[in-house]
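The values are calculated or read from the model by the stated rules, or taken from the named source; none is laboratory data. None of the values given here were measured: they were computed from a predicted structure. As a convention, Cβ positions derive from the backbone with ideal geometry for all residues, glycine included, and neighbour counts pool all protein chains shown. We work out accessible area using only protein heavy atoms, side chains counted, and drop any ligands, DNA or RNA first. Shrake-Rupley method; radii C 1.70, N 1.55, O 1.52, S 1.80 Å.
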Amino acid sequence: MKLIMLGAPGSGKGTQAKKIVEYLKVPHISTGEIFRKNMRENTPLGIKVKDIISEGRLVPDDITIQIVHERLIEPDCKKGFVLDGFPRSLPQAVALDSLHKIDYVINLDVENEIVIARTTGRRTCKTCGTMFNIHEIGGEIVCAKCGGELYIRTDDTLEAVLERLEMYEEKTRPLVQYYAKQGKLVNINADNEPDKVYKAIIEAIKK
Ligand code: ADP
Ligand code: ZN
């Protein structure tokens, strides 16, 4: 099965994608995680995208499309995949359509205030990428899963989050209509707890 996770920053795309890939046994492809890994390792790509990401802007389409294309031609993607954070613009969606037949687009619907609370309270594990929230873990500084160090993403500051929300409205929100027209859109209320959101997604894609 080939799925896309759509939604504002902090809507829970990454959290849900991680659970869905365990169920579907397909790879989880997060463009944000690919970029962050490159930033950590100071690769030419990482150096190129660092400032753009820290400011909450979008990486140019040509770069992003190329990276996703290269990833999706790897053999483990033959049986399907869950895309998290891609596509994020109309040109990206059109490029993806020309290469892959997507089954469903899961649209995680959530209010802006919740998005701001989630992202600005987020702590991410440097080692395994697992995300936590200070509302749950308080001042904890190590990952409960792997013991890695928790850090605040440079784009999880309030200023960058507001910019990301604006980018979402301008570039990404139009994709809701785009996929609705194709009959692929599954709307999910993502204000709920992660487990409830997950169950709603699985119900919808089982049909
Ligand atoms: P979130 O969904 O919480 O905003 P992501 O990890 O998906 O976080 O993305 C982090 C950042 O990486 C984005 O704000 C953007 O700068 C960059 N990025 C990720 N995916 C894309 C994409 N498809 N197109 C352009 N930029 C992207
Ligand atoms: Zn960890």
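Just one of the numbered conditions (1) assigned to a helix (DSSP H, G or I); (2) more than 14 Å from ligand 1 (Cβ to nearest atom); (3) open to solvent by 10 Å² or more (accessible area, probe 1.4 Å) is not true of residue 20; which one?
(3)
Filter region 43-54 for residues that are out of contact with any helix residue (DSSP H, G or I) (no Cβ under 6 Å at 6 or more places or on another chain) and not polar (S, T, N, Q); which is farthest from residue 164 (Cα to Cα)? Can you show your working first?
Narrowing region 43-54 to residues out of contact with any helix residue (DSSP H, G or I) (no Cβ under 6 Å at 6 or more places or on another chain): 43-44, 47-48, 51-52.
Still in the running and not polar (S, T, N, Q): 44, 47-48, 51-52.
Numbers: 44: 23, 47: 20, 48: 18, 51: 13, 52: 11 Å.
The qualifying residue farthest from residue 164 (Cα to Cα) is 44.
Here is a list: 150, 185. Which entry is at pLDDT 95 or above and closer than 18 Å to residue 89 by Cα?
Details: 150 fails: closer than 18 Å to residue 89 by Cα.
On inspection, the qualifying residue turns out to be 185.
Just to check your reading of the model, which residue among 119, 124, 172 is touching an Asp or Glu at 6+ places or on another chain (Cβ under 7 Å) and buried (at least 19 other Cβ atoms within 10 Å of the Cβ)? Give the steps one after another, and end with the answer.
On the way: 124 fails: touching an Asp or Glu at 6+ places or on another chain (Cβ under 7 Å); 172 fails: touching an Asp or Glu at 6+ places or on another chain (Cβ under 7 Å).
Testing whether each residue is touching an Asp or Glu at 6+ places or on another chain (Cβ under 7 Å) and buried (at least 19 other Cβ atoms within 10 Å of the Cβ) leaves just 119.
Being touching a strand residue (DSSP E or B) at 6+ places or on another chain (Cβ under 9 Å) and either free of Cβ contacts under 8 Å to residues at least 12 places away in the same chain or buried (at least 19 other Cβ atoms within 10 Å of the Cβ) (or both), is that true of even one residue in region 33-51?
yes
Limited to region 45-64, what total is found for residues that are over 15 Å from the mean Cα position of the chain (by Cα), over 12 Å from residue 91 (Cβ atoms) and charged (D, E, K, R)?
4
On the given criteria, is residue 85 under 21 Å from residue 152 (Cα atoms), surrounded by 15 or more Cβ atoms within 10 Å (Cβ to Cβ) and near ligand 1 (Cβ under 10 Å from one of its atoms)?
Values: under 21 Å from residue 152 (Cα atoms): yes; surrounded by 15 or more Cβ atoms within 10 Å (Cβ to Cβ): yes; near ligand 1 (Cβ under 10 Å from one of its atoms): yes.
Considered against the rule, which asks whether it is under 21 Å from residue 152 (Cα atoms), surrounded by 15 or more Cβ atoms within 10 Å (Cβ to Cβ) and near ligand 1 (Cβ under 10 Å from one of its atoms), residue 85 comes out as yes.
Name the pairs: first residue in region 63-80 and closer than 11 Å to residue 31 by Cβ and assigned to a helix (DSSP H, G or I), second residue of a type in the set (D, E, K, R) and open to solvent by 90 Å² or more (accessible area, probe 1.4 Å), Cβ to Cβ under 9 Å, at least 6 apart or on different chains?
Close Cβ pairs satisfying both conditions: 63/48.
Could you tell me whether region 72-93 includes any residue that is in contact with a Gly (Cβ under 6 Å, 6 or more places away or on another chain) and modelled with pLDDT under 95?
The first filter runs over region 72-93 and keeps only residues in contact with a Gly (Cβ under 6 Å, 6 or more places away or on another chain), leaving 84-85.
From what's left, modelled with pLDDT under 95: none.
No, because not a single residue in region 72-93 is in contact with a Gly (Cβ under 6 Å, 6 or more places away or on another chain) and modelled with pLDDT under 95.
Please enumerate the residues belonging to region 175-196 that are in a helix (DSSP H, G or I) and either in contact (Cβ under 8 Å) with a residue 24 or more places away in the chain or open to solvent by less than 30 Å² (accessible area, probe 1.4 Å) (or both). Quick ask: steps written out before the conclusion?
Going through region 175-196, the residues in a helix (DSSP H, G or I) turn out to be 175-181, 194-196.
Across region 175-196, the qualifying residues are 175, 176, 178, 179, 194.
Within region 127-139, count every residue that is more than 16 Å from ligand 1 (Cβ to nearest atom) and open to solvent by less than 40 Å² (accessible area, probe 1.4 Å).
Adding up the residues that qualify gives 1.
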